[in-house]
Amino acid sequence: MTATGNMGAMPMRYRPVRRFTQLHAGLVLYGVSTTMLLRARLGLDPWDVFHQGLAGHTGLRLGTVVIAVSALVLLPWVPLRQRPGVGTLCNAVVIGLVVNASLVLLPVPHALAARWTYAVGGVVLNGVATGLYIGARLGPGPRDGLMTGYAARGHSIRVVRTTIEVTVLAAGWLLGGTVGWATLIYALAIGPLAHALIPLFSVRPAAAT
């Protein structure tokens with residue numbers, strides 16, 4: 001065992017590993033939650049309604065569309081003077097890869113009760129995943145940064161987020177994406193979940209030693 005003085009330095013030494021691990025745990029869970037909502041067939045969150053609509057028209061796999069849209073969403077970061085972090089770049093790639101993999105591995109529920117279990121579980125898991133990857137403090141996701149970039153220009157973050165999500169939801173619905181009760185549940189639940197879970201999982205700065 002190490003001495004007490006050395007133990008006091010350990011959090012600083014191991015914090016980067018914890019943050020990187022937490023980031024990827026959140027991204028993997030986010031991808032799984034997306035697939036759970038998709039498999040439930042009861043409605044998706046606004047961005048995934050858009051992704052699904054695009055996938056239906058392009059013939060690309062859903063996760064591939066998620067990656068492509070993430071890359072495109074990063075373009076407005078330049079005039080908005082947003083700086084991506086390692087978490088931003090990982091977010092743009094990992095979630096889409098996990099969606100493609102979990103679409104192969106996750107079974108399709110058929111009974112209505114099972115579909116609702118997937119839907120509600122997907123919303124809750126999405127909230128946990130959001131808390132984990134944002135709490136790692138390694139950079140916002142591409143869509144998060146778009147929102148905060150416009151908000152930094154003096155716009156209300158509530159108005160900016162609502163405008164963006166309503167726009168992508170309407171576009172996705174017009175493209176054939178799935179809008180349903182789970183979409184409404186997500187819209188009502190994700191804010192309170194994020195409010196509770198982001199502080200819970202946020203990595204605190206190490207104490208000076």
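The values are calculated or read from the model by the stated rules, or taken from the named source; none is laboratory data. Given the structure is predicted, the values throughout are model-derived calculations rather than measurements. Don't worry about glycine lacking a Cβ; one is built from the backbone with ideal geometry, like all the others, and counts go over all protein chains shown. Heads up: the accessible areas ignore ligands, DNA and RNA and are worked out on the full protein's heavy atoms, side chains in. Shrake-Rupley method; radii C 1.70, N 1.55, O 1.52, S 1.80 Å.
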The helices (runs of 4 or more DSSP H) lying entirely within the range 33-122 that contain at least 3 residues which are of a type in the set (Asp, Glu) and over 23 Å from Ala189 (Cβ atoms) are none
Here is a list of conditions, (1) more than 20 Å from His51 (Cβ to Cβ); (2) surrounded by 15 or more Cβ atoms within 10 Å (Cβ to Cβ); (3) free of Cβ contacts under 8 Å to residues at least 24 places away in the same chain, and Ser156 meets all of them except one; can you say which number that is?
(2)
Can you tell which of Ala113, Ala182 is open to solvent by less than 20 Å² (accessible area, probe 1.4 Å) and closer than 16 Å to Arg41 by Cα?
Ala182
Within the range 113-162, considering residues that are more than 18 Å from the chain's Cα centre (by Cα) and modelled with pLDDT of 90 or more, the one farthest from Ile95 (Cα to Cα):
Ala113
Check on Leu44, in contact with a Ser or Thr (Cβ under 6 Å, 6 or more places away or on another chain), surrounded by 19 or more Cβ atoms within 10 Å (Cβ to Cβ), among the aliphatic types (A, V, I, L, M) and modelled with pLDDT of 95 or more:
yes
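Filtering the range 123-140 down to residues that are closer than 18 Å to Ala196 by Cα and outside any helix (DSSP H, G or I), which residue is most open to solvent (accessible area, probe 1.4 Å)? First the steps, then the outcome.
We begin by selecting, within the range 123-140, every residue closer than 18 Å to Ala196 by Cα; these are 123-137, 140.
From the residues that got through so far, the ones that are outside any helix (DSSP H, G or I) too are 136-137, 140.
Details: Ala136: 0, Arg137: 124, Pro140: 48 Å².
If we take residues in the range 123-140 being closer than 18 Å to Ala196 by Cα and outside any helix (DSSP H, G or I), then Arg137 is most open to solvent (accessible area, probe 1.4 Å).
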How about the range 79-100: which of its residues are under 27 Å from Pro16 (Cα atoms) and among the aliphatic types (A, V, I, L, M)?
Val86, Leu89, Ala92, Val93, Val94, Ile95, Leu97, Val98, Val99
What residue, of Pro79, Pro84, is without any contact (Cβ under 8 Å) to a residue 24 or more places away in the chain, out of contact with any Pro (no Cβ under 6 Å at 6 or more places or on another chain) and open to solvent by 20 Å² or more (accessible area, probe 1.4 Å)?
Pro79
Being under 14 Å from the mean Cα position of the chain (by Cα) and hydrophobic (A, V, I, L, M, F, W, C) is the filter; apply it to the range 30-41 and report the residue that is surrounded by the fewest Cβ atoms within 10 Å (Cβ to Cβ).
Val32
